[in-house]
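Structure first, then comments.
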Amino acid sequence: MNVRRTAGVLSTLLLAACATEPARSPAPIVDRTRSANAPAAKPAPVQNTNVAKAAPAVDARGKSYTVKPGDTLYSIALENGLDYKEIAAWNQLADANLIKVDQVLRLTDPADDASSVGDSSGVVIRPLRPDGGAPAASTPVKPDAPVAIATVSYPKALKLSYSTDAATVARQAEGPTQGAAQAKPAETKPVEKPEAKPEAKPADNKPLNPATGEEEIAWSWPTVGKVIAPFSDSSKGLDIGGKLGQPVLAAGAGKIVYAGTGLRGYGKLVIIKHNKTYLSAYAHNNQLLVKEGDNVRKGDKIAEMGNSDAEQIKLHFEIRRFGKPVDPTKYLTAG
């Protein structure tokens, strides 16, 4: 009886202990698909799409021009930003004044239009034979053709006795000697070091305008005076007032591509080609001080102001980009 009572008391105590045990937290879940030492992935950097890029110079000129009534080779060259001598050479014109209405003139160098030997697809274009037949196909190599194999001859083995020393073996392998005297080693001459050549200097590249991507020109005003007529689509340039004989200066460095009176309405005219993009024109001069082919620097005196083919003394000044007139005030600086 006491045993049953004791067992009942123990059972009651065990149940009470189980009921008072604190709740256990669940075991943590570990992701084993990634290494424990692997760093956390960084977010991809966000690219700034608002960065402005320099716009390349766009050449809208055509490759040819059809002569219209009233055109001259000089006016065509000015309107397309070219040297009239280049146009004459490209079109094989013996006389620059002999062009006809409806005549088609090329405005690009024929060397730039050389035909290619293939296209973008990688297909090679073979020229026809002189007799007009199809191009001869290359002779294919037969895969089953026998291939010549070079044979190499080796020296025969020498049967020597056990008492033969190493020196005798070496002499017998070399063959019979041609004389008792041994050949003297060739005298070695000191190697002459080539003279160090001066390093070539890098090309003097002109800076590019970050806004347009074009070759930058340091422009300056071509003369001193008041602007009496601003730029417009009809005027194509600026009119600057002044005195007779006043110096006319090159607004930028370049080459004189025209100096004469061949363009109607411009009087005595000077045109400077600064690069492949820009020309500048100086009209109505009283006297020209340069000739075609001369190279000038910015600020060089190229003419004297006058009123040739004009009603008053003035300088008509133009800047042309790819032959199209632009407002000079957007390019000129003081000095």
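The values are calculated or read from the model by the stated rules, or taken from the named source; none is laboratory data. Everything quoted here is computed from the prediction, not taken from an experiment. Don't worry about glycine lacking a Cβ; one is built from the backbone with ideal geometry, like all the others, and counts go over all protein chains shown.
The table for this structure:
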item	result
Candidates LYS314, LYS268 - the one that is under 20 Å from ASP83 (Cβ atoms), more than 32 Å from the chain's Cα centre (by Cα) and assigned by TED's automatic domain parsing to the domain that holds SER235	LYS268
Residue match in the range 293-302 (condition: under 19 Å from GLY265 (Cα atoms), of a type in the set (A, V, I, L, M, F, W, C) and part of a strand (DSSP E or B))	no
Flag for LEU332 being in contact with a His (Cβ under 8 Å, 6 or more places away or on another chain) and of a type outside the set (Gly, Ala, Ser)	no
The range 272-292 - residue that is under 30 Å from the mean Cα position of the chain (by Cα) and either aromatic (Phe, Trp, Tyr) or assigned to a strand (DSSP E or B) (or both) and, of those, nearest to TYR258 (Cα to Cα)	ILE272
